[in-house]
Amino acid sequence: MLRTGRADVADWVIEGAAIATVDASGTEHATGHLVVSAGSVAAVGAGPAPAPVVPAGARRVDGTGCLLTPGFVNTHHHFSQWLTRGMAADSELFGWLTELYPSWACLTAELEHAGALGALAVLATSGCTTTMDHQYVFPKHGGDLLAAEVEAAARVGLRFHPARGSMDLGRSAGGLPPDEVVEDTDAALDATDDAISRFHDPSPGAMVRVTVAPCSPFSVTPELMTGAAELARRRGVRLHTHLAETTDEDSYCKERYGCTPTQYAESLGWLGGDVWVAHGVHLDAAARARLGATGTGVAHCPSSNGRLGAGTAPVPELLAAGVAVGLGVDGSASNESGELWAEVRGSLLAARARAGASALGTREALRMATMTGARCLGREDELGSLEPGKLADVALWRLDTVAHAGIGDPVAALVLGARPALALLLVGGRAVVEHGELVTLDADAVAREVTHAVRRLGERRDAECLPGA
């Protein structure tokens with residue numbers, strides 16, 4: 001297997017691997033080829049690559065014993081929570097948030113950068129090529145947290161959709177978060193607008209796209225929700241928020257607004273083809289039908305939902321209603337693994353445990369991690385499948401080790417078995433992972449940086465985040 005040791009864009013020929021293209025027809029090849037040219041897929045098919053389609057000087061990879069898939073797409077995350085893993089380990093959502101808000105109130109751009117590096121490094125080595133992040137806490141003296149994330153994603157080499165979150169409903173006004181971690185409504189909208197101007201790239205193949213993302217019904221006023229929707233549609237970007245994650249949220253919306261979370265979201269203009277929501281655990285038949293009819297997507301986060309005891313999302317029913325369901329890691333402090341691959345396996349097992357062995361198939365789980373995840377982010381024309389003209393965001397998984405050798409179905413090996421090592425991860429033709437290791441950064445150095453940041457965050461919390469501390 002070739003090791004480049006660089007992150008340059010290159011032309012590639014991968015031959016001899018099993019291939020799951022995840023195209024509309026679900027095309028697969030028992031042994032096939034993939035040709036990458038100028039950052040895009042030039043050819044994919046059975047057998048060896050035809051000589052006329054191979055670019056001169058292309059780097060050749062023997063994929064024998066491997067499975068080639070599109071890179072995974074992470075549709076919900078909170079990078080900064082990488083620094084608060086292992087806390088409130090036995091709590092439900094509202095208690096967990098209450099314990100962790102004081103730590104998040106002490107974030108700085110430097111700490112955010114370290115947490116993002118840790119989260120991104122683990123995403124990459126678990127097959128993820130595109131990720132979003134929902135950062136919704138912006139301490140007054142924290143500096144430019146969003147810029148810190150964008151820089152971290154560029155260093156690791158992943159395609160990044162930062163979701164500029166916000167909260168303006170503090171505890172004194174009936175919300176859950178303490179007042180010191182919320183923003184003024186107009187200030188939050190202005191900061192979000194500024195983030196779009198600074199970071200959003202609408203061009204084809206973009207590495208950074210910004211999303212407008214107020215946090216949740218119990219931490220955001222109706223004024224911020226409606227203002228955010230108007231802002232996003234005026235600027236031509238997508239919308240994201242938490243919705244229907246817990247029964248507590250359902251009760252909160254019924255008591256405060258007299259309706260379910262989905263009805264509340266729709267009343268504020270928050271259902272549509274430019275919206276995807278996180279979790280969707282507690283959605284009745286009427287809610288599922290409205291999401292499907294409006295084209296609203298859902299980020300399914302099975303590990304986090306299990307860790308916090310929130311429940312199991314009705315994924316088979318959502319799919320039957322025509323809802324685009326992607327997969328998300330969610331916050332690293334409610335999913336200490338941080339690996340997107342675990343959500344592929346977890347989504348299948350959770351669906352089957354809830355509704356039977358036929359509830360979700362292995363190919364459906366893989367599609368959620370790739371093609372429908374890309375659809376949630378509005379990038380299904382560029383990402384999520386291995387087809388000529390699409391971006392060369394590619395994962396090559398080793399199935400020739402003792403954990404998988406001889407298994408009858410390579411897709412079942414990936415989805416149901418132990419996590420395979422990554423032989424190669426490409427993002428737009430750039431190598432990010434080879435032989436299971438990052439080639440863009442020193443992973444040991446990232447670990448040291450994270451360790452220091454965790455200690456520093458604890459010190460700041462103990463000092464009550466005094467400016468300059």
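I need every pair where a residue in segment 187-201 that is more than 15 Å from R233 (Cα to Cα) and touching a residue at least 24 places away in the same chain (Cβ under 8 Å) has its Cβ under 9 Å from the Cβ of a residue that is acidic (D, E) and outside any helix (DSSP H, G or I), sequence separation at least 6 or different chains.
As it stands, the answer is A188/D168; A191/E183, since those pairs meet every condition given.
Give the number of residues within segment 416-457 that are touching a residue at least 12 places away in the same chain (Cβ under 8 Å) and not in a loop (DSSP other than H, G, I, E, B).
24
Within segment 22-42, how many residues are surrounded by fewer than 16 Cβ atoms within 10 Å (Cβ to Cβ) and not in a strand (DSSP E or B)?
4
Condition check ((1) assigned by TED's automatic domain parsing to the domain that holds V344; (2) basic (K, R); (3) in a strand (DSSP E or B); (4) within 22 Å of T130 (Cβ to Cβ)) across all residues:
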{"residue": "G57", "(1), (2), (3), (4)": "no, no, no, no"}
{"residue": "S80", "(1), (2), (3), (4)": "yes, no, no, yes"}
{"residue": "M87", "(1), (2), (3), (4)": "yes, no, no, no"}
{"residue": "S91", "(1), (2), (3), (4)": "yes, no, no, no"}
{"residue": "G95", "(1), (2), (3), (4)": "yes, no, no, no"}
{"residue": "P102", "(1), (2), (3), (4)": "yes, no, no, no"}
{"residue": "E110", "(1), (2), (3), (4)": "yes, no, no, no"}
{"residue": "H113", "(1), (2), (3), (4)": "yes, no, no, yes"}
{"residue": "L120", "(1), (2), (3), (4)": "yes, no, no, yes"}
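Within the bounds of segment 45-68, is there any residue that is among the small types (G, A, S), closer than 30 Å to W276 by Cβ and surrounded by fewer than 18 Cβ atoms within 10 Å (Cβ to Cβ)?
No - not one qualifying residue is present in segment 45-68.
Hey, among S40, S80, which residue is under 26 Å from the mean Cα position of the chain (by Cα) and over 26 Å from G328 (Cβ atoms)?
S40
With respect to E92, determine if the residue is charged (D, E, K, R), over 20 Å from the mean Cα position of the chain (by Cα) and modelled with pLDDT under 95.
yes
Are any of the residues in segment 72-88 surrounded by fewer than 24 Cβ atoms within 10 Å (Cβ to Cβ), farther than 26 Å from A153 by Cα and not acidic (D, E)?
There is at least one residue in segment 72-88 that is surrounded by fewer than 24 Cβ atoms within 10 Å (Cβ to Cβ), farther than 26 Å from A153 by Cα and not acidic (D, E).
Where residues in segment 182-229 are within 14 Å of F160 (Cα to Cα) and small (G, A, S), which of them is surrounded by the most Cβ atoms within 10 Å (Cβ to Cβ)?
Top of the filtered list is A195.
Can you name the condition, by its number, that A114 falls short on among (1) surrounded by fewer than 24 Cβ atoms within 10 Å (Cβ to Cβ); (2) modelled with pLDDT of 95 or more; (3) over 15 Å from the mean Cα position of the chain (by Cα)?
Condition (1) is where A114 drops out.
Free of Cβ contacts under 8 Å to residues at least 60 places away in the same chain, surrounded by 14 or more Cβ atoms within 10 Å (Cβ to Cβ) and part of a helix (DSSP H, G or I), is that true of A412?
Yes, satisfied.
Filtering segment 292-313 down to residues that are in contact with a Phe, Trp or Tyr (Cβ under 7 Å, 6 or more places away or on another chain) and in contact (Cβ under 8 Å) with a residue 40 or more places away in the chain, which residue is nearest to W96 (Cα to Cα)?
Among residues in segment 292-313 that are in contact with a Phe, Trp or Tyr (Cβ under 7 Å, 6 or more places away or on another chain) and in contact (Cβ under 8 Å) with a residue 40 or more places away in the chain, the one nearest to W96 (Cα to Cα) is L308.
For segment 312-335, which positions are modelled with pLDDT under 95 and in a loop (DSSP other than H, G, I, E, B)?
Selection gives S332, A333, S334, N335.
When A357 is evaluated against the numbered criteria (1) within 25 Å of L271 (Cβ to Cβ); (2) without any contact (Cβ under 8 Å) to a residue 40 or more places away in the chain; (3) assigned to a loop (DSSP other than H, G, I, E, B), which criterion, by number, is the only one it fails?
(1)
The values are calculated or read from the model by the stated rules, or taken from the named source; none is laboratory data. This structure is a prediction, so every number in the text was calculated from the model and none was measured. All Cβ positions, even for glycine, are placed from backbone atoms using ideal geometry, and neighbour counts span all protein chains on display.
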